[in-house]
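Okay, so here's the structure we're looking at.
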Amino acid sequence: MKAKFKNGEYIAPVVPIGYKINPAEKNRLVVDEETKWIVEKIFALAAHGYGANKICRTLAAEKVPIPAWWASQKNGYKTNIFEGQPEGKKYLWNIVTVSKILQNEIYLGNTVHYQIQKLSYKSKKNIKRPKEDWMRIENTHEPLVDRETWDLVQGHINSRKRSRKDDEPQIFAGLLKCGECGWSLSAANTKNKSRYYRCTQYSAHGKEACSLHFITYNLLYAFVLGRLQYWLMAVKENEDAILERLLQSSKKQRKSENARDEKELKKAQKRRQELNNLFAKMYEDRVKGLLDEENYSMLSVKYRTEQQQLDEIIKTVSARLEDAKAETDDAKQWVDLIQKYSAIDELTALF
Ligand SMILES: [Zn+2]
C-alpha cells in the first residue's frame, strides 16, 4: 500500500476493508479485527448463493456501515461525504462495492500487481490488463477467505454473469445522451460480448466530431440502480427535505428570474392595451378627417409592428413562467413516484 501524493499533498492510502497497515512494516497488511467480520459475512452470504444486490440489502437491514464510512472514521478519508447526510447513507451498500470485494484476491492473501496499465506514456488514462497478465504474489498477508469459499463464490459470480447476458433487456434504449455533444448513445458489444454504449456522433463521424465516450452496461446499471436506491432511502427518511433539495438548486436564481419575467409580462400587456386604444383613437381621427391618409398609414405600420413585437414577448415570457411552475410540479411528481416503491432491487424496461 503505497502512500499517494496529489498536488504535493499526502493522501492516506485506501486500505481494503478488513485490513489495516502494519505500523511496523508500512507495506504489509494485517487483519483489522474491527472490520474483518464484514468481509467474512459478505463472502458467507455469497457462498450461500446471495447475489450482490441481496447482499447489499442484507447489510443495510443489519446496519453494517459501508467501507467509506470505516475509512472516514479510521483514516479521516473523505469525512465530508457523510456530513449533513441522512443516517442511512452510512449503510448504503452498492453492488459495485460488494462485487469488488468478492473478486478482490487480496482476501485470499495474495497481492496482485499490474492489473492496471497506462494507455501510453503520454496519457493519464489507465486501462485494465487482461487477467492472464496480472502478476500474483501469493501469501503476502493473512487471508480472510479460504480457497474453497473463494472458488465457490467465483463460480456463483460467473454463472450469474452468463445468465444475465443471455437476456439483457434494452432498459436504457433511447435514454442516454453524450455529455459532450448531446447526441444519443447507442449500444454495441465488445469482442467478448459485453455490452457498452457509445456516442453515436463519434461512431458515425469519428474523432473530428466527438471523442470516444462510452460506458459499459454493467457500470451504468450499477450506478443507476445505486442512485435510485439512494434517492428512495433519502425520500423515505425525509420527503420534504428532498423536495426542497431538488428545487433549491435552481430556486434562488429562478425566484429573481420569475420576478423579472412577471414585471416584463405586465409591462408588455399594459402597452398592448395602450396600442389598442391608440388604434381606436387613430381610426376615429381618420374618420373625422383629423388625420390624413399618409400619416394614418405611417402610424398604422409603426403601431402594427410594435403590436407584433409585444405579442411575441407576451408569448415567450408566459411560456417561461409556465415552465418554471411545471418544474415544481415535476419534482413533486417524482418524489411521489419514487415513494410508490418499497425497495428497488432491479431495473426493468418501461415497455
Ligand atoms: Zn459525443
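Per-structure values
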item	result
Cα-Cα over 18 Å, subset of 266/302; 63/236; 74/100	266/302; 74/100
Point-charge dipole on Cβ atoms (K/R +1, D/E -1) for region 216-351, about Cα centre, debye to 20	420 debye
Candidate aspartates and glutamates for bridging to residue 325, where Cα separation is under 20 Å - those fewer than 8 sequence places away on the same chain excluded	239, 240, 244, 257, 261, 262, 264, 336
Residues of type aspartates and glutamates that residue 26 reaches as a straight line, Cα spacing below 16 Å, ignoring anything fewer than 8 places off in the same chain	142
Alpha carbon convex hull of region 31-119, projected area averaged over orientations, nm²	7.4 nm²
Cα→Cβ-extended label distance, 7 Å offset, between residue 306 and residue 28, nm	9.0 nm
Eligible aspartates and glutamates near residue 131 by straight Cα distance, threshold 17 Å, same-chain separation 8 or greater	105, 151
Dmax and Rg, reported as Rg then Dmax, of region 243-339 (C-alpha, Å)	21.2, 71
Cα gyration tensor category, rounded, prolate or oblate, for region 163-237 with a/c compared to 1.5	oblate
Where labels lie 7 Å past Cα in the beta-carbon direction, separation of residue 267 and residue 224 in nm	4.5 nm
Cα-only radius of gyration and Dmax that characterise the chain, units Å	30.8, 109
Relative contact order of the chain, pairs being alpha-carbon contacts under 8 Å that are 6 or more residues apart, as %	12 percent
Highest-MSF residue in the chain out of 171, 101, 42 [GNM, Cα springs under 10 Å]	171
Of the DSSP H helices in the chain, those whose Cα atoms cover at least 27 Å axially and whose Kyte score averages -1.0 or more	217-237, 293-339
Lys, Arg +1 and Asp, Glu -1 on Cβ, resulting dipole of the chain about Cα centre, debye, nearest 20	980 debye
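Laboratory data are not the source of any read-out in this text; all were calculated from the coordinates shown. As the structure is a computational prediction, the values presented were derived from the model and not from experiment. Here Cβ is always computed from backbone atoms with ideal geometry, including for glycine, and neighbour counts include all displayed protein chains.
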